[in-house]
Amino acid sequence: MNKIVVVTGVPGSGKTTVLEKALAQLKAQKVIYSVLNYGDVMLELMRERERIRDRDDMRKVPADRYREIQREAAKRIARASKWGPVIVDTHCLVKKPEGYYPGLPRWVLEELRPESIVIIEAKPEEIAGRRARDASRRRDKEVTREIEEHQLMNRATAAAYAAFSGAAVKIIKNKDKGLNEAVSEMIGILR
Amino acid sequence: MNKIVVVTGVPGSGKTTVLEKALAQLKAQKVIYSVLNYGDVMLELMRERERIRDRDDMRKVPADRYREIQREAAKRIARASKWGPVIVDTHCLVKKPEGYYPGLPRWVLEELRPESIVIIEAKPEEIAGRRARDASRRRDKEVTREIEEHQLMNRATAAAYAAFSGAAVKIIKNKDKGLNEAVSEMIGILR
Amino acid sequence: MNKIVVVTGVPGSGKTTVLEKALAQLKAQKVIYSVLNYGDVMLELMRERERIRDRDDMRKVPADRYREIQREAAKRIARASKWGPVIVDTHCLVKKPEGYYPGLPRWVLEELRPESIVIIEAKPEEIAGRRARDASRRRDKEVTREIEEHQLMNRATAAAYAAFSGAAVKIIKNKDKGLNEAVSEMIGILR
């Protein structure tokens with residue numbers, strides 16, 4: 001089995017940018033990762049087994065079936081790691097109106113056995129600014145406070161994932177003018 | 001099985017008020033929850049099996065017996081959910097001089113399998129103010145700092161419960177002049 | 001089995017000082033603890049079974065073997081508690097360039113079954129000051145921020161350990177001029 005690294009970050013943290021730049025540089029050094037999006041693997045399985053068509057319908061599946069498919073997705077990803085190192089693109093906590101859902105609950109960690117869990121973080125105000133560019137603005141202070149809460153809860157959740165699975169937790173700060181620094185920290189984890 | 005929702009909050013967070021108002025409004029909409037206090041169910045079992053008479057004596061029971069009764073209480077609550085949705089009134093962490101005790105350790109979550117864990121929070125200064133009304137005052141700053149610590153630790157613990165059980169965690173802010181907002185968020189979870 | 005108390009704290013928190021002073025006072029009261037350093041027990045087992053000579057080489061052992069030895073170390077410590085109460089000197093999270101590693105992952109807690117987990121904390125600036133005395137200085141603000149992050153993550157991890165094992169978590173603040181207070185809080189836990 002090869003290395004499995006979980007990469008997380010709230011929307012607007014710059015997760016995708018950091019990851020893509022790091023992977024491009026690693027490719028030049030002949031280090032090739034497969035990137036699997038947990039939600040995509042889930043959706044694929046949901047389509048095959050539950051005839052669910054889009055992401056919004058996934059949570060309508062009964063809890064027991066949902067968890068079984070979550071575990072199945074983890075197994076599929078773990079199997080993929082036989083052929084080379086794998087990055088799992090996912091969330092510590094998914095925010096919904098009903099609350100924060102754990103992206104890697106116990107039964108997922110049992111199958112996935114990641115080596116590290118990376119959290120890409122940024123300042124709440126910077127994230128709010130990045131989000132505002134493409135969405136309708138809300139009261140900025142409120143949004144900033146919510147992002148702060150989400151990031152704090154993500155840290156706590158990652159700590160619990162570590163306690164349960166033994167994975168290392170790495171927090172990478174992605175500042176507005178510090179992309180290169182974030183990218184080289186990410187390379188440090190993946191190399 | 002019906003929905004099991006765990007509701008938590010430090011003393012003075014307004015947990016009881018928010019819950020009662022939400023339940024009254026839901027009753028008018030024919031949504032009826034049973035509310036079970038975890039400590040009460042524990043005490044009942046302790047009386048039956050260990051001849052313990054009051055709450056203060058409960059921690060004198062040997063750790064293994066204590067845990068068995070904790071698990072038993074969770075089973076009893078889970079069984080009650082056959083007849084309708086259940087709210088479990090409890091604590092993320094119970095604060096004692098020896099430290100913070102988890103209200104829902106692993107063996108409780110395994111039996112209870114809650115759908116959501118709600119944390120009712122308020123500003124530490126507001127909680128300190130509410131507590132001061134009925135208790136002898138201590139140095140305010142110290143009390144405020146302790147409440148802040150307790151609420152932070154509750155968040156971290158709820159995150160661990162979520163990681164272990166898959167439950168969603170919902171944080172509801174109960175501001176001094178924002179009771180209605182808190183109540184309608186609670187209704188959103190329970191409906 | 002006797003009491004097992006886990007004592008943790010980041011470098012510079014004053015963990016060793018608080019612990020030694022508390023143990024000296026307890027000795028005068030005929031309360032005698034064995035103190036076992038988790039890293040030392042690990043190294044001993046690594047030497048016996050993997051022919052590893054120093055701490056830096058320990059992480060080179062394959063993950064599965066490493067975890068087996070971690071579990072073995074916990075068993076050894078649990079056995080030692082047959083003869084008297086035990087303090088386990090360790091870390092909530094060990095900080096490495098690759099991230100934070102949990103000191104007490106699930107398989108360790110399953111064997112160790114601690115009664116309490118103590119975190120010795122201090123203000124980040126005070127810790128930075130204490131460290132600066134014996135090490136080469138870095139930009140102070142950066143160091144302070146890193147210590148703050150580490151202590152926050154330690155709290156979250158201790159909460160997860162509690163959720164998993166049922167142990168109580170006690171946070172003891174060790175202020176620059178408050179050593180005696182910290183020592184008497186520690187004695188309160190150990191007595």
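The values are calculated or read from the model by the stated rules, or taken from the named source; none is laboratory data. The model shown is predicted, which means the values in this text are computed figures rather than measured ones. Note: ideal-geometry Cβ built from the backbone for every residue, glycine included; neighbour counts use all protein chains shown.
Numbers for the structure displayed
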| quantity | calculated |
| --- | --- |
| Filtered residues of region B:1-38 (kept if surrounded by fewer than 18 Cβ atoms within 10 Å (Cβ to Cβ) and either part of a loop (DSSP other than H, G, I, E, B) or touching a Gly at 6+ places or on another chain (Cβ under 9 Å) (or both)) | B:1, B:2, B:3, B:11, B:16, B:29, B:30, B:31, B:32, B:34 |
| Close pairs (8 angstrom Cβ cut-off, 6 or more residues apart or separate chains): over 11 Å from residue B:107 (Cα atoms) in region B:60-74, surrounded by fewer than 16 Cβ atoms within 10 Å (Cβ to Cβ) anywhere | B:66/B:59 |
| Selected residue (criterion: surrounded by the most Cβ atoms within 10 Å (Cβ to Cβ)) from residues of region B:74-99 that are assigned to a loop (DSSP other than H, G, I, E, B) and within 14 Å of chain C (Cβ to nearest Cβ) | B:92 |
| Top-ranked residue in region A:137-149 [being within 18 Å of the chain's Cα centre (by Cα) and surrounded by fewer than 21 Cβ atoms within 10 Å (Cβ to Cβ); ranked as nearest to the other protein chains (Cβ to nearest Cβ)] | A:149 |
| Members of region C:100-111 found to be crowded, with 24+ Cβ neighbours inside 10 Å and either more than 13 Å from chain A (Cβ to nearest Cβ) or part of a strand (DSSP E or B) (or both), listed by number | C:100, C:102 |
| For residue A:69: the one exception among (1) within 28 Å of residue A:176 (Cβ to Cβ); (2) in contact with an Asp or Glu (Cβ under 8 Å, 6 or more places away or on another chain) | (1) |
| Filtered residues of region B:24-57 (kept if in contact with a helix residue (DSSP H, G or I) (Cβ under 8 Å, 6 or more places away or on another chain) and hydrophobic (A, V, I, L, M, F, W, C)) | B:26, B:31, B:32, B:35, B:36, B:41, B:42, B:43, B:45, B:46, B:52 |
| Filter pass, residue A:142 being charged (D, E, K, R), modelled with pLDDT of 95 or more and under 20 Å from residue B:170 (Cβ atoms) | no |
| Pairs with Cβ under 6 Å, 6+ apart, first in region B:174-188 and under 11 Å from residue B:25 (Cα atoms) and more than 14 Å from chain A (Cβ to nearest Cβ), second in a helix (DSSP H, G or I) and modelled with pLDDT of 95 or more | B:183/B:18; B:183/B:21; B:183/B:22 |
| Boolean, residue A:165 is surrounded by fewer than 24 Cβ atoms within 10 Å (Cβ to Cβ), among the small types (Gly, Ala, Ser) and away from chain B (no Cβ under 14 Å) | no |
| Test: residue A:167 is of a type outside the set (Ser, Thr, Tyr) and over 22 Å from residue C:107 (Cα atoms) | no |
